[in-house]
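Engineer: Before we start, here is the structure in question, set down as structure tokens.
The values are calculated or read from the model by the stated rules, or taken from the named source; none is laboratory data. Being a predicted model, the structure only gives us computed values, none of them experimental. No Cβ is skipped: glycine too gets one built from the backbone with ideal geometry, and neighbour counts run over all protein chains shown.
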Amino acid sequence: MEFKEKLKQIRKEEGYLQKDVAKIIKMSSSGYANWEQGLSQPNIEQLKEISKLYNISIDILLNSEDFKREDIQPHNVPNLVVYTPEEEELLEMFNELSDMNKGKVLGYVIKVREEQRYKEKL
């Protein structure tokens, strides 16, 4: 089994999307997708991160033999926040703002949250 196939199989078995793995190992989604398409390969540091994420040896990742589910040891899944499309859009827009405008937005959100909490107490 080729590395790209193995990487995709492990990711799917662990229940991750490509963008989730990319976020966890701190890289772009397109860069990670290139690995699964065989267009590029991870460097040694990235291999270590993948190995750590899936609790699987680099040797198992790189050798051409198929692997069994037993090769992947139970592990603690990192806290991964999954956003709704609306939340993702809001974060993208927020990140495009200047620091001053981010402060304004945060001030407004705090005010709205306080009003909501007050109304919920009534």
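Engineer: When only residues in segment 59-107 that are of a type in the set (S, T, N, Q) and surrounded by 11 or more Cβ atoms within 10 Å (Cβ to Cβ) count, which is modelled with the highest pLDDT?
Structural biologist: Keep residues of segment 59-107 that are of a type in the set (S, T, N, Q), which gives 63-64, 73, 76, 79, 84, 95, 98, 101.
With the extra rule that they be surrounded by 11 or more Cβ atoms within 10 Å (Cβ to Cβ), the set shrinks to 63, 101.
Values: Asn63: 82, Asn101: 91.
Within segment 59-107, the match that is modelled with the highest pLDDT is Asn101.
Engineer: Being at pLDDT 90 or above and within 16 Å of Asn55 (Cα to Cα) is the filter; apply it to segment 13-24 and report the residue that is farthest from the chain's Cα centre (by Cα).
Structural biologist: Residues of segment 13-24 at pLDDT 90 or above: 16-24.
Okay, now just the ones that are also within 16 Å of Asn55 (Cα to Cα), so 16, 21, 24.
Numbers: Tyr16: 8, Val21: 4, Ile24: 4 Å.
Applying the filter and picking the extreme gives Tyr16.
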